[in-house]
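Okay, so here's the structure we're looking at.
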Amino acid sequence: MSETRHWNLSSVLEPHAISNTPYALVLLNTAISEKHALVFYRVWQQAAIRIVADGAANMLLDFITMHSDKSFEMPDLICGDLDSISEHARSSFEAKTHKTPSCPFPPPTMSDSQAKFVSYIDENQKKLIDGLSEVVAIPSVSGDASYRQDVFKMGEWLKNKLSSLGADVSTHDLGMQDLDGKEVPLPPVVVASIGSDSSKKTVLVYGHYDVQPALKSDGWKTEPFELVHDEKTGCLFGRGSTDDKGPILGWLHVIEAHKELGLDLPVNLKFCFEGMEESGSVGLDDFVVKNKDSLFAGVDAVCISDNYWLGTKKPCVTNGLRGIAYFKLAISGPARDLHSGVFGGMVHEPMTDLIKIMSSLVTPQGEITIPGINEQVAPLTDEERKVYDVMDFDIAFVDEATGSQTTVSDNKPNVLMARMRYPSLSLHGIEGAFAESGSKTVIPRRVVGKFSIRLVPDMDPAKVIECVEKHVESEFAKLKSKNTMKLSPDHPGKPWVADPKHWNYEAAFKATEQIYGVRPDLTREGGSIPITLTFADALQKNVLLLPMGRSDDGAHSTNEKLDLSNYVKGTQLLGTYLYEIAKVAQ
């Protein structure tokens, strides 16, 4: 029986629904999106006759070039308006010869259970949105003592939800914290487990249920703790939507889908959700180390969804993070704030000293000027340099994400390396200085400058701190000031790199190919998640970062969002990743 299908990939040719029967004729007359790249590849390679119409020849060549696939089957016929075909495309196709096809990525194979799961998520998008709306409404800001009860409320919500899904759940007290001059209890760590089948792999999932502060007056277009679904853009706006409540809800919906469908999970799962990530993960390192042989015993691999795509169009898998060394530089002078008209020019001013020292740390081009810092960085190899050349990245992504055109370089590899493989130093703010609107002619008695250095392999936080201490002491001595200076390092974290050839990454690559139809980029994240290294060192297991959101989600910023498509497909990706682990483990 003959079959004709129109090019409507979103509903007809999804990876889990595509027929294995070769097509007699494939006619291409439109662009191929990355979303449907894998599906197109399978259909095209299996077809008996391949025809390209008009300018689609240009698009086909772009597709072949992007995927660097020399085995791609060439069209049998190019027809239509030949004037619309570029000279480059004409010469390229004329020079091509047919070769035996060899798929650049493994063809997708979904079990019945997996296909049912993927379909369930597609059909229950409202449930996903409603769940995210419920948790965004809980203002679980860990850095403000006045919100501490809400952080506890969010932890309790997670505990109850996991219990309702059949997990064994426990909460663990981490003690007290001095916050804003008050002694407040630290939010609990929520630990849960589902499944104990010795024949299955056990995956530990980490996430955090606290969020950054957010006020409408900060510049939000909507109320930050009310999830708003913009149906025109497909964006879900709200604090915590992408960092990190969306990914946490994704995992919960993976469990819920299997429960509703009466399906067994393909692996055993353990969860570790904390409520202090946005405030330095206070107490979590010691907790993980203390419980490595009890709560976290039997873990085979770790998965964290707390980072983002490199850009806005193509998914990625991340195997590296920069570390961090944070500093507070305090300059103290007079016993009280002074009137500049009375004392200006008579005394050494703390603000002047501080600005002078902070300006000696880094150039406007981002070059760190502290002796001994850059010397610690692992040298760049030719092989590594080539990786940045071929990554699917456009500097326009940075312009879009920042709302400006302020990149230090216009060279793609240089911009990528500045984020992934070189250290950076950022000046964050000055405490104690007049910062309100209007004018106030005051000489502050004490000011505290805050800055941090993002660390990369092979940098050691202890050595970095030593270099910074020597530098600021030297610079302060040059001032011959009668003020006093104190440097205070705060919660340093080492850089982390994982082996991308591990089966944990193999599963993530294959899962991404199935859901998004494209081979993901392997990236390193510019930010820091210190607990990643703790899990790797304490458990001695491979750790994977599998992002859900895009680079322009605005985590930590105003108008934080998560695209609905990323939320849905990201949830499908998390579940599919578990199925792929079950396959590679066999």
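Things to note:
- Potential extension, E223-T407 segment - 0.36 nm per residue separation minus Cα distance: 63.2 nm
- Relative contact order of the chain, defined on C-alpha pairs under 8 angstrom at six or more residues apart (%): 19 percent
- Using the Cβ-Cβ distance between D264 and M346 with R0 set to 60 Å, the FRET efficiency works out to roughly 0.15.
- Compared with the direct C-alpha span, the chain from N374 to F434 gains 18.2 nm at full extension, assuming 0.36 nm per residue.
- Helix axis angle, 503-516 relative to the chain longest principal axis, alpha carbon, degrees: 60 degrees
- Ranked by the mean number of other Cβ atoms within 10 Å of their residues, highest first, the peptides 297-304, 239-246 fall in the order 239-246, 297-304.
- Distance between the pseudo-spin-label points of D230 and E466 (7 Å out from Cα toward the beta carbon): 5.0 nm.
- If the segment from M176 to D490 were pulled out straight at 0.36 nm per residue, it would be longer than the present Cα-Cα gap by 111.2 nm.
- Sorted peptide list for 211-219, 113-121, 527-535, criterion being average Cβ within 10 angstrom, highest first: 527-535, 113-121, 211-219
- Cβ-derived FRET efficiency at R0 35 Å, K583 paired with K328, nearest 0.05: 0.10
- Take 575-581, 491-497 and order them by the average number of nearby Cβ atoms within 10 Å per residue, most first; the result is 575-581, 491-497.
Bear in mind that the values in this text are calculations on the coordinates, not laboratory data. Quick caveat: nothing in here was measured; it's all calculated off a predicted structure. Cβ: placed from backbone, ideal geometry, glycine included. Neighbour counts: every protein chain shown.
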